[in-house]
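S.K.: Pasting in a structure now, in structure tokens, and then I'll have a few things to ask.
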Amino acid sequence: MKLSNETIQSLARHLDDCARQAHDTPKITDTHPDMDWDDAYAVQDAIRGRQLARGARIVGYKAGLTSHAKMRQMGVETPVFGYLVDTFSVPDGGACKVAELIHPKVEPEIAFVTKTELKGPGCHIAAVLAATDFVIPGIEVIDSRYRDFRFDLKSVVADNTSAARFVVGGQPLAVENVDLRTIGVVLEKNGVPVAFGAGAAVLGHPAAAIAMLANHLGARGESIPAGSLILSGGITEAVAVAAGDNVTLRVQDMGSTSLRFI
Ligand code: 0L1
Ligand code: MG
């Protein structure tokens, strides 16, 4: 690690304050160009610690930048991983307050719910499918704390991979009954389809993102507990939203989930 604990805590406080006050900031590598991956995840961990100290509870994880469309959109080549807390959750059909966010965008995702622990290293797609209770449609609301969504990978990891809100809903489906590579998704904004894709857009198979997450956590001595909700990554590019927008995600054989921006 290149940064002192004091610097990590101060960066965590800064990004946490930006999220709570809906203020943007230049990316943190501008002032800390030497920070390494361990520093980036240490800042993310410190933000998580601050949220837990305020009473939030971990409900799961997310993989980000897992589709070629998204990697192209962001100009990067590697997925990143973050965590989800209960305060990010929006009820199906519920409202998301834009004033609490900086510049929200939505992503259509397949969410996995686990029934047994998943632990890397060596985790693979088959192990993920065996550990999955069901999959369900999920919309992630991302909201980078960085000005104009301009960041590099270490900055975005520190910022908990832009996690802000999420909604899941529709028809839970057992994974043995579905080929997640060919499942089609349509994202609608105000009743108009704005993005389309298939599960294979996520690393060839959405379960591959969960396996990578398990291996990433395993390298840090952590695992994915049973009962976790995991967003496997945006299937299409992210779509910007504003107050007044209604967003619905329809997933083949899994129904739909939606949320309103107010
Ligand atoms: O969930 C995601 O794919 C977002 C990862 C972070 C990059 C971004 O803010 O778009
Ligand atoms: Mg996402």
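The values are calculated or read from the model by the stated rules, or taken from the named source; none is laboratory data. Here the structure is a predicted model, which is why all the values come from computation and not from measurement. Cβ sites come from the backbone with ideal geometry, for glycine too, and all protein chains shown count toward neighbours. Remember, those area values only see protein heavy atoms, side chains included, never the ligands or the DNA or RNA. Shrake-Rupley method; radii C 1.70, N 1.55, O 1.52, S 1.80 Å.
S.K.: For the chain, what is the number of Lys pairs with C-alpha distance below 27 angstrom, counting only pairs 8 or more positions apart or on separate chains?
M.R.: For the chain, the number of qualifying lysine pairs is 25.
S.K.: To two decimal places, what compactness ratio does the stretch 62-195 give when its Cα radius of gyration is scaled by 2.2 N^0.38 Å?
M.R.: Rg over 2.2 N^0.38 Å, computed on Cα atoms: 1.10.
S.K.: So for the chain: antiparallel DSSP bridges make up what percent, rounded to the nearest 5?
M.R.: Roughly 85 percent of the beta bridges in the chain run antiparallel, per DSSP.
S.K.: Let me ask something else. How many Å² of accessible area per residue for the chain, probe 1.4 Å?
M.R.: Each residue of the chain exposes 41 Å² on average to a 1.4 Å probe.
S.K.: How far, in nm, would the chain grow between ASN246 and PHE196 when pulled straight, counting 0.36 nm per residue and subtracting the alpha carbon separation?
M.R.: That works out to 16.3 nm of additional length.
S.K.: Okay, next question. Once you have the alpha carbon radius of gyration of the stretch 1-145, what is it after dividing by 2.2 N^0.38 Å, with N set to its residue count?
M.R.: Working it through for the stretch 1-145, the quotient is 1.14.
S.K.: Extent of the chain along each principal axis, from alpha carbon coordinates, in Å, largest to smallest?
M.R.: 49, 44, 36
S.K.: Related question: Just in the stretch 45-91: which trypsin sites (Lys or Arg not before Pro) are loop by DSSP and have at most 16 other Cβ atoms within 10 Å?
M.R.: Sites meeting the loop and neighbour criteria: ARG54, ARG57.
S.K.: While we're looking at this one, here's another question. Could you please state how large a percent of the accessible area of the chain is carbon and sulfur, counting protein chains only and using a 1.4 Å probe?
M.R.: Carbon and sulfur atoms account for 50 percent of the accessible area of the chain.
S.K.: How high is the relative contact order of the stretch 1-121, in percent, counting Cα pairs under 8 Å that sit 6 or more residues apart?
M.R.: 24
S.K.: Moving on. Kirkwood Rh, the stretch 168-262, all Cα pairs: how many Å?
M.R.: 14.8
S.K.: When the dipole is taken about the Cα centre of the stretch 1-118, and only Lys, Arg (+1) and Asp, Glu (-1) are charged at their Cβ, what size is it in debye, to the nearest 20?
M.R.: Dipole size: approximately 340 debye.
S.K.: Taking amide H positions as placed in the peptide plane 1.01 Å from N, state which residues far from ALA164 in sequence (5 or more) or on other chains have amide H under 5 Å from it.
M.R.: VAL141, ASP143
S.K.: Each residue of the stretch 99-108 in order: what ³J(HN,Hα) in whole Hz does its phi give by Karplus 6.51 cos²θ - 1.76 cosθ + 1.60, θ = phi - 60°, with x for Gly and Pro?
M.R.: Coupling constants for the stretch 99-108: 5, 7, 10, 9, 7, x, 9, 10, 9, x Hz.
S.K.: Oh, and also: About its Cα centre, what dipole magnitude does the chain give when the only charges are +1 on Lys and Arg Cβ and -1 on Asp and Glu Cβ, stated in debye to the nearest 20?
M.R.: Value, rounded to 20: 280 debye.
S.K.: Per-residue HN-Hα couplings for the stretch 67-76, Karplus 6.51 cos²θ - 1.76 cosθ + 1.60 at θ = phi - 60°, whole Hz, x for Gly and Pro?
M.R.: 10, 5, 4, 5, 4, 5, 4, 9, x, 10
S.K.: To continue, here is another question. Can you list the residues, at least 5 places off or on another chain, whose amide H is less than 5 Å from the amide H of GLY233, using H built in the peptide plane?
M.R.: The list, which skips near neighbours in sequence, is ALA63, ILE110.
S.K.: Count neighbours as other Cβ atoms within 10 Å of each site's Cβ, and list the GluC sites (Glu not before Pro) in the stretch 92-143 that are DSSP loop with at most 15 such neighbours.
M.R.: Those satisfying the criteria are GLU117.
S.K.: Whole-Hz ³J(HN,Hα) for each residue in the stretch 40-48, computed from phi via Karplus 6.51 cos²θ - 1.76 cosθ + 1.60 with θ = phi - 60°, x for glycine and proline: what do you get?
M.R.: These are the phi-based 3J(HN,Hα) values: 4, 6, 5, 5, 4, 4, 5, 5, 4 Hz.
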